[in-house]
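The structure appears right after this line, and notes come after that.
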Amino acid sequence: MSRIKQIILFLSFLLPFLSIAEEFNRDSLQRALYITSIPSEKIVLLNSLAGSWMVDDPLKAFNFAEQAFILSETIEDYKGKAEALFYLGQYSHINKDYVAAINYFLEALEGSHNTKDELFYANVLLELGKAYQKRFEYEKSLKVLFEAMEVFKDLDDRVKLADTYNLIGGTYYDQENVDKAFEYFQNSMAIYEYLQDEMGLAKTYNNVGEIYRIKGRFDQAVELYNKAITFNLKLNRLDYLAINYDNIGNIFLFQSEYDSSLFYLEKSLEISNFIQNNNRIAAANISLGKLFGKINNKKKALQYFESGFQIASEIGYLIHIKEAAKGMSDIYKKQNQFENAYRYHRMYKRINDSLFNIQNLEKITQLEMNLIFDHEQKIKSIQRQKTNYKYFLIAIGLLSVLILFILLYGRLRIKINHTEIEAGNLQLEKQQLKEELDFKNRELATNVMYLVKKNELINYISDKLLKAKMKFKKENQDIIQQIILDLQANIDTDIWKVFEERFREVHMDFYKKLNQNFPNLTDNDRKLCALLRLNMSTKDIAAITHQNPNSIEVARTRLRKKLNISNREISLVSYLSSI
């Protein structure tokens, strides 16, 4: 039996004993929850159970936190509510709903001002920084992490300060600011070494090792990875252990030390399979695919790449899918299977472009989710007002001497509240309709630009293939020609017709009003009006209409004259939006 298998079996034997203390603590909390009838005590116990279950069973933790939140709102327990929101944010973060997580943490921050608990406030900032980092909002992430750092310094909480340094380093690392990342990773590592915090050291040794790897200081990187491995073995952190082995294997792969690389990458795969971590399984398979590709064992390389590709596709992890597709494309190219090579290369390029644009897509999603969240919060506010009013009437009803006065007062208040609620609902509906229209305009503009860019890309690839066709073997020239025909078949020949159909769906009366007010406009004028109505730039309009930007600017000037706004201080876009 290999040494790594012995270690895995030993650690798996220890797992039941390591969880006994935690289970005992949870049982104690659960029994106390059933016994007590005091709402404030229930909230403390529910939040404690939420924190206890967050790692092992996030859904169970969510249920406890949700109960704590509802109960804390009922008795206006601001501290309990803030803590419940904190755990609800952690649950959303675990489930990769980062927008919801951010909103929960922001509300928890607001509530923490009432608690005057600086440590809790800083912990919320720390989690908020993590969520912003996942959303690629690095500026916001660094802002709240630096604020948390200052609070932890004031509190002299060195463990949390080290955690914060490590997160700041990770944020700089994601922005490819290696020097800044190295600075904060080292700050973190220095504190962990002083405290002899083994879990923290395992984490920062790996991170500093990554910086050394990027800087080409491979011996120092391997030394730190091995230190991390020592701690991760001791702490039974098998998922991190798989990462360490994968990192070392890739360094040896880069140095063409293939036997050593194979040893560590197989260890990484073995552990990943044992803990059933699909993300790590996919990563290890892809690394092994690269290794066998390097030593020209195309069959094995393809097997590992295909396994990594399949697993990554099942979990929807685009970065691994991209790497596996690139690897398979390279192997098929070496095997002269150009059709398969082209198919996976095209997939690699498409995913790479998607990852490049993901930040903008995430921002659009965040805008939509924030609008929904704001609307829900306003509804909750109205519901809270109704609940408070109900308790108010019940309490006053006990005062028999003032019954008549209270009833009259209550009726008046109901009418006022209904009027205010109706006015508020009308305003909300109006704002929501405007926001939906703006979103549809952005979506419409994005779709037409996508069609234009797609046609340009197809034409570009077709032209390249046509020019390169004669360089291929004669038996492959027919395949190339068929690929060119397939590409050309996917060109959208009438982009403007598609655009006009979708534009009329969103702005049904626009053309009708435009023709009524300005019957002398040409077809080109009306097209320009439609594109400007979507607030598209001169550059984008030029791309869609196949004209140069100067021609578009001239057309805009002429259009202002035809619309009789040449001498008015109003933008063309604003004027068309009012039609």
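Since every read-out is calculated from the coordinates, none of them should be taken as a lab result. The model shown is predicted, which means the values in this text are computed figures rather than measured ones. Here Cβ is always computed from backbone atoms with ideal geometry, including for glycine, and neighbour counts include all displayed protein chains.
Quick notes on this one:
- Simple spin-label estimate for F518 and E176 in nanometres, 7 Å along Cα-Cβ: 4.4 nm
- Lysines with Cα under 17 Å of K203, excluding same-chain neighbours fewer than 8 positions away: K130, K160, K227, K234
- Length released on extending from S574 to Q220, taking residue separation times 0.36 nm less the Cα-Cα span: 121.4 nm
- Nearby aspartates and glutamates by direct alpha-carbon distance to K473 (threshold 16 angstrom, same-chain neighbours under 8 apart not counted): E339
- Value at 222 nm in deg cm²/dmol, rounded to 500, when DSSP H runs of n ≥ 4 in the chain each add -39,500 (n - 2.57): -29000 deg cm²/dmol
- Think of each Lys and Arg Cβ as +1 and each Asp and Glu Cβ as -1; about the Cα centre, that makes the dipole of segment 67-180 roughly 240 debye.
- Note: relative contact order over segment 123-198, using C-alpha pairs below 8 Å and six or more positions apart, is 25 percent.
- Between S313 and D27, the modelled labels are 4.7 nm apart [label points 7 Å from Cα along Cα→Cβ].
- Residues in segment 198-215 that a label on E183 would reach, taking backbone N under 14 Å of a point 7 Å out along Cα→Cβ: none
- Selected from A301, F86, S578, residue furthest toward positive end of dipole (the chain; charges at beta carbon): S578
- Based on alpha-carbon atoms, the Kirkwood radius and the radius of gyration of segment 426-579 give Rg/Rh equal to 1.12.
- With the simple model of a label 7 Å out from the Cα in the direction of the Cβ, K134 to T557 spans 5.3 nm.
- Within the chain, longest stretch clear of exposed trypsin sites (Lys or Arg not before Pro) (DSSP loop, no more than 14 other Cβ within 10 Å): 218-472
- Spatially proximal lysines relative to K298 (Cα-Cα < 20 Å; intrachain offsets below 8 disregarded): K290, K322, K326, K333, K334
- Only Lys, Arg (+1) and Asp, Glu (-1) charged, at Cβ; segment 238-336 dipole about Cα centre in debye: 440 debye
- Counting only Cα atoms, the size of the chain along its three principal axes is 100, 85, 37 Å, in decreasing order.
- Applying both filters, DSSP loop and at most 11 other Cβ atoms within 10 Å, to the GluC sites (Glu not before Pro) of segment 172-273 gives E176.
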